[in-house]
1. Here are some residues: Thr58, Thr62, Thr73. Which one is in contact with a helix residue (DSSP H, G or I) (Cβ under 7 Å, 6 or more places away or on another chain) and hydroxyl-bearing (Ser, Thr, Tyr)?
2. For Ala107, all conditions in the list (1) surrounded by 10 or more Cβ atoms within 10 Å (Cβ to Cβ); (2) under 22 Å from Asp15 (Cα atoms); (3) at pLDDT 85 or above; (4) among the aliphatic types (A, V, I, L, M) hold save one; what is the number of the exception?
3. Determine, yes or no, whether Tyr51 is within 23 Å of Arg5 (Cβ to Cβ) and among the aromatic types (Phe, Trp, Tyr).
4. If we keep just the residues of the stretch 51-83 that are at pLDDT 85 or above and among the aromatic types (Phe, Trp, Tyr), which is nearest to Cys35 (Cα to Cα)?
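The values are calculated or read from the model by the stated rules, or taken from the named source; none is laboratory data. Note that the structure is a prediction, hence the values are computed from the model and not measured. Cβ coordinates were reconstructed from backbone atoms using ideal geometry, including for glycine residues, and neighbour counts include every protein chain displayed.
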Amino acid sequence: MDHLRKLGYFKDECDMLYIMSIDGAMLTLKKQSDCWFLILILLNLPPEIRYLAENVITVFATPGPEPPGNLSTFMYPVIEELLQMGEGIWIWDAMRSSYIMHRASVA
């Protein structure tokens, strides 16, 4: 994580860094169904737990049987939200009982 701090990430303890992944998966052995997923993985978590199902954020899933024709139509709102989060958004921190500036980036 120190090398990421040198690159400008994690200036604040509330800053988050994600990996974004898009991939298709067969849902049945007979390939009658296909689904595409966009997931976010939080790099702030320790490596031994960051890839567990309960820690992976599924942003969207598109039904098959064919891959999506225009993936950018699904990606546009996600990119817009991530751009806003990169600049920072105010969120309520229940532990601190106050609002904090939250920033998130995608590696």
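1. Details: Thr58 fails: in contact with a helix residue (DSSP H, G or I) (Cβ under 7 Å, 6 or more places away or on another chain); Thr73 fails: in contact with a helix residue (DSSP H, G or I) (Cβ under 7 Å, 6 or more places away or on another chain).
Exactly one of Thr58, Thr62, Thr73 is in contact with a helix residue (DSSP H, G or I) (Cβ under 7 Å, 6 or more places away or on another chain) and hydroxyl-bearing (Ser, Thr, Tyr), namely Thr62.
2. Unmet for Ala107, out of (1) surrounded by 10 or more Cβ atoms within 10 Å (Cβ to Cβ); (2) under 22 Å from Asp15 (Cα atoms); (3) at pLDDT 85 or above; (4) among the aliphatic types (A, V, I, L, M): (3).
3. It is true that Tyr51 is within 23 Å of Arg5 (Cβ to Cβ) and among the aromatic types (Phe, Trp, Tyr).
4. Going through the qualifying residues, I end up with Phe60.
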